[in-house]
1. For segment 57-72, which positions are under 17 Å from K5 (Cβ atoms), loosely packed, with under 13 Cβ neighbours inside 10 Å and within 11 Å of the ligand (Cβ to nearest atom)?
2. For segment 47-56, enumerate the residues that are closer than 17 Å to I11 by Cα and surrounded by 12 or more Cβ atoms within 10 Å (Cβ to Cβ).
3. Exactly one condition in (1) under 9 Å from the mean Cα position of the chain (by Cα); (2) in contact (Cβ under 8 Å) with a residue 24 or more places away in the chain is not met by T39; state its number.
4. Any residue at all in segment 26-37 that is more than 16 Å from the ligand (Cβ to nearest atom), in contact with a Leu (Cβ under 7 Å, 6 or more places away or on another chain) and on the phi < 0 side of the Ramachandran plot?
5. For segment 1-27, which residues satisfy the criterion of being outside any helix (DSSP H, G or I) and either touching a His at 6+ places or on another chain (Cβ under 9 Å) or in contact (Cβ under 8 Å) with a residue 60 or more places away in the chain (or both)?
Amino acid sequence: MNDLKQKMQLIWGIFIVMFLALLFSYGWIVSLALMAVNTYLYVRYMRCPYCQMHLPIVQRPFCPHCGNRILD
Ligand SMILES: [Zn+2]
């Protein structure tokens, strides 16, 4: 199991829920809260395990900064 891949899936999952929440009358409140959570998760966890640099939200199997393999 790739740890980074799971975090990425979690962030995308929250992103989808954010949009679904907008379908409800007060959903934008939930959506804003989820956006804050997602921003935190992204800043905190979406880093290359080798060089600690931030990774783009759409990931490639190799780190764009140091070239190390980060995904299976
Ligand atoms: Zn790297």
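Since every read-out is calculated from the coordinates, none of them should be taken as a lab result. All figures in this text were calculated on a predicted structure; none of them were measured in a lab. For neighbour counting, all protein chains shown are included, and Cβ atoms are generated from backbone atoms with ideal geometry for every residue, glycine included.
1. Hits for segment 57-72 are N68, R69.
2. Correct list: R47, C48, H54, L55.
3. Answer for T39: the failing condition is (2).
4. Yes; the residues of segment 26-37 include at least one that is more than 16 Å from the ligand (Cβ to nearest atom), in contact with a Leu (Cβ under 7 Å, 6 or more places away or on another chain) and on the phi < 0 side of the Ramachandran plot.
5. N2, the sole residue that qualifies.
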